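S.K.: Below you will find the structure I want to go over with you.
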Amino acid sequence: MSMEIKTVASIVIFSVTLFLLIKRPKNLNIGITASIGALLSLLVGTVTVLEALGLLTEIWDAALAFFGIVTLSVTLDAMGFFKWAALKIIHYAKGDGRRLYIYVALLTAAVSILFANDSAILILTPIVVEITRQLDFKGGSRMVYLFAAGFVADTAAMPLITSNPVNIVSADFFKYTFIDHLIFMGPVAVITVFFSILVVYLFFRSKIPVKYDAGCVDLDCGLMLASHRLIKIIFTTLIIIDIGYVLTSFIRIPVSTVICSGAFSLLIVYYFYSKRDNVQPNTYKSVSKLLREVNWGILVFMIGIFIVVQGLRTAGIIDFIGLLLTSASHLPSYLGFLTPSLAVTILASFMNNWPMTLLGLVSIRYAVSSIGLTPETGTNLIFSNIIGNNIGPHFFPIGSLAILMWFDVIRRGGLKITLREYLKVGSILSIVEVAFSSLILYIEVGLLGLTLPIFI
């Protein structure tokens, strides 16, 4: 096959895959969508079988870590942990609608940080839908809490490597540690959560109920409320996992080993607690059923879309994006940090953040190896790619997989958010957060001189 035909084929395959991902004809699973693109890439020859096998060595840790995070999340959900936490915040809000809004947003942020944004949206959004229904909130009053659950979940997924698969893949690509990521993205997470809560509040402040009756909420929490000892075990497990992240980062043990070990341990606890006499049978899910609730489609998607993106090397797109980001980073002062983040934001908003994440990573690695980057420029581009793909895609709903899932959960809950309603909040929030996140990165790298140790 000539290089010209191969180039055209790689662009067509990527475009078709992207079209299927966005349109989802007949509710096509995203894993099947990516598999179609990957299979076409292998059959046409834009990516060889050996190259595809080599690619798996680069993302196995991210895929396994995501499996561990989702397994941990569905186990905690089956235990009633998230419903228990939701009931707690309803109680602590003491009938104040504005206080409840803050608590819902903070709970969402905590779940997103610890269990990844996808888990936070898939688990907490249905709970928020049910809570607002039982509290008899109407129209816009329900929207404020749902927007908080959606946007905060996606924007909070910054401080830990495990908070977003985007972070895991980036760390594996460039071999930096859990601590390295936390140092740079921890302050960014604080500012993004703050602005998410503030911007959504400013848009919906007049519709937030002043008072509500907390007594009318009845969520069946199953196993969790049956045992305070179980609550202690859960919190102890989560603390041990977080400590494990830090300790293993020093000896560069893959992060997936920590989260999978924690998930497996909690799954064992769940199994034995489910056998207790005081557990109601209708509250128990078998371990096999829990594992079926893991979103295997996303795991397949992660692998498939990576193969499709690799095929674009022959089209020169990776070279172009690498040159674009490098040129943008050479602008003076703060602009050299804002412009790369905005470039990634624009591309991710209309392409979806997963393909753009991989395009960005491959492009930056190309720039590092072929162009040669200073430690400051390299660090800037790596984290600008994370900023643009984590929080930038809110500009347009197709930009984020998590937001697409959020729309789907809300629709299944009998509610509807129009594109105009979304853009009114999402576009402004996206620009504000990218601007301030880039400012934090500029302070860290441009003014304080912090860089990733991989460039030293």
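The values are calculated or read from the model by the stated rules, or taken from the named source; none is laboratory data. On a predicted model such as this, the values are computed, not experimentally measured, just so you know. Cβ coordinates were reconstructed from backbone atoms using ideal geometry, including for glycine residues, and neighbour counts include every protein chain displayed.
S.K.: Being over 17 Å from residue 263 (Cβ atoms) and small (Gly, Ala, Ser): is that true of residue 120 here?
M.R.: Here the answer is no, as residue 120 does not meet what is asked.
S.K.: Follow-up. How many of the residues making up region 432-449 are crowded, with 17+ Cβ neighbours inside 10 Å and either assigned to a loop (DSSP other than H, G, I, E, B) or touching an Asp or Glu at 6+ places or on another chain (Cβ under 6 Å) (or both)?
M.R.: Within region 432-449, residues that are crowded, with 17+ Cβ neighbours inside 10 Å and either assigned to a loop (DSSP other than H, G, I, E, B) or touching an Asp or Glu at 6+ places or on another chain (Cβ under 6 Å) (or both) number 1.
S.K.: Suppose we filter 259, 253, 240 for residues that are under 25 Å from the mean Cα position of the chain (by Cα) and outside any helix (DSSP H, G or I); which single one remains?
M.R.: Being under 25 Å from the mean Cα position of the chain (by Cα) and outside any helix (DSSP H, G or I) holds for just one of 259, 253, 240, which is 253.
S.K.: In the list 417, 387, 398, which residue meets the criterion of being closer than 18 Å to residue 154 by Cα and touching a Lys or Arg at 6+ places or on another chain (Cβ under 9 Å)?
M.R.: Going through 417, 387, 398 in turn, the sole match is 417.
S.K.: Please give the helices (runs of 4 or more DSSP H) falling wholly within region 42-140 in which 1 or more residues are under 30 Å from residue 304 (Cα atoms).
M.R.: Ranges flagged: 49-79, 97-115, 117-134.
S.K.: Could you give every pair whose Cβ atoms fall below 9 Å, whose first residue belongs to region 120-137 and is under 16 Å from residue 404 (Cβ atoms), and whose second residue is at pLDDT 85 or above and not in a helix (DSSP H, G or I), counting only separations of at least 6 or pairs across chains?
M.R.: Every condition considered, the pairs that remain are 120/156; 120/157.
S.K.: Within region 37-60, can you find the residues that are under 13 Å from residue 16 (Cα atoms) and buried (at least 18 other Cβ atoms within 10 Å of the Cβ)?
M.R.: Answer for region 37-60, where residues must be under 13 Å from residue 16 (Cα atoms) and buried (at least 18 other Cβ atoms within 10 Å of the Cβ): 37, 38, 40, 41.
S.K.: Please tell me if residue 43 is modelled with pLDDT under 85 and either of a type outside the set (S, T, N, Q) or under 19 Å from residue 362 (Cα atoms) (or both).
M.R.: No, not satisfied.
S.K.: Restricting to region 254-270, what's the tally of residues that are loosely packed, with under 15 Cβ neighbours inside 10 Å and among the β-branched types (Val, Ile, Thr)?
M.R.: Residues flagged as loosely packed, with under 15 Cβ neighbours inside 10 Å and among the β-branched types (Val, Ile, Thr) within region 254-270 amount to 1.
S.K.: Against the definition (part of a helix (DSSP H, G or I), among the hydroxyl-bearing types (Ser, Thr, Tyr) and modelled with pLDDT of 80 or more), how does residue 314 come out, yes or no?
M.R.: Considered against the rule, which asks whether it is part of a helix (DSSP H, G or I), among the hydroxyl-bearing types (Ser, Thr, Tyr) and modelled with pLDDT of 80 or more, residue 314 comes out as no.
S.K.: On to the next question. List the pairs whose first member sits in region 298-326 and is at positive phi, whose second member is surrounded by fewer than 24 Cβ atoms within 10 Å (Cβ to Cβ), and whose Cβ atoms are under 9 Å apart, counting only residues at least 6 apart or on separate chains?
M.R.: 316/7
S.K.: Would you pick out the residues in region 349-386 that are closer than 22 Å to residue 405 by Cα and either in contact with a strand residue (DSSP E or B) (Cβ under 9 Å, 6 or more places away or on another chain) or not in a helix (DSSP H, G or I) (or both)?
M.R.: 352
S.K.: Mind listing whichever residues of region 86-121 are closer than 24 Å to residue 245 by Cα and either modelled with pLDDT under 85 or of a type in the set (Asp, Glu) (or both)?
M.R.: If the condition is that a residue be closer than 24 Å to residue 245 by Cα and either modelled with pLDDT under 85 or of a type in the set (Asp, Glu) (or both), then 115, 116, 117, 118, 119, 120, 121 are the ones that fit.
S.K.: Filter region 1-32 for residues that are assigned to a helix (DSSP H, G or I) and not hydrophobic (A, V, I, L, M, F, W, C) and give the result.
M.R.: 4, 6, 7, 10, 15, 17, 23, 25, 26, 27, 31, listed by residue number.
S.K.: Do any residues in region 355-377 that are touching a residue at least 60 places away in the same chain (Cβ under 8 Å) and of a type in the set (Asp, Glu) have Cβ atoms under 7 Å from those of residues that are in a helix (DSSP H, G or I) and buried (at least 21 other Cβ atoms within 10 Å of the Cβ), where the two are at least six apart or on different chains, and which pairs are they?
M.R.: 376/445
S.K.: Would you be able to say whether some residue in region 365-386 is aliphatic (A, V, I, L, M), buried (at least 23 other Cβ atoms within 10 Å of the Cβ) and within 16 Å of the chain's Cα centre (by Cα)?
M.R.: Yes: region 365-386 contains one or more residues that are aliphatic (A, V, I, L, M), buried (at least 23 other Cβ atoms within 10 Å of the Cβ) and within 16 Å of the chain's Cα centre (by Cα).
S.K.: Okay, moving on. Regarding region 413-431, can at least one residue be identified that is in contact with a Ser or Thr (Cβ under 7 Å, 6 or more places away or on another chain), in a helix (DSSP H, G or I) and either under 15 Å from residue 354 (Cα atoms) or among the charged types (D, E, K, R) (or both)?
M.R.: No - not one qualifying residue is present in region 413-431.
S.K.: Regarding residue 152, is this residue outside any loop (DSSP other than H, G, I, E, B) and more than 17 Å from the chain's Cα centre (by Cα)?
M.R.: So residue 152 fails the test.
S.K.: So, of the residues in region 410-422 that are in contact with a Pro (Cβ under 8 Å, 6 or more places away or on another chain) and under 23 Å from residue 350 (Cβ atoms), which turns out to be surrounded by the fewest Cβ atoms within 10 Å (Cβ to Cβ)?
M.R.: Ranking the qualifying residues of region 410-422, first place goes to 419.
S.K.: On to the next question. Is there a residue in region 72-81 that is farther than 18 Å from residue 236 by Cβ and under 21 Å from the mean Cα position of the chain (by Cα)?
M.R.: First pass over region 72-81, keeping only residues farther than 18 Å from residue 236 by Cβ: 74, 77-78.
Subsequent filtering for residues that are under 21 Å from the mean Cα position of the chain (by Cα) retains 74, 77.
Scanning region 72-81, I find at least one residue that is farther than 18 Å from residue 236 by Cβ and under 21 Å from the mean Cα position of the chain (by Cα), so the answer is yes.
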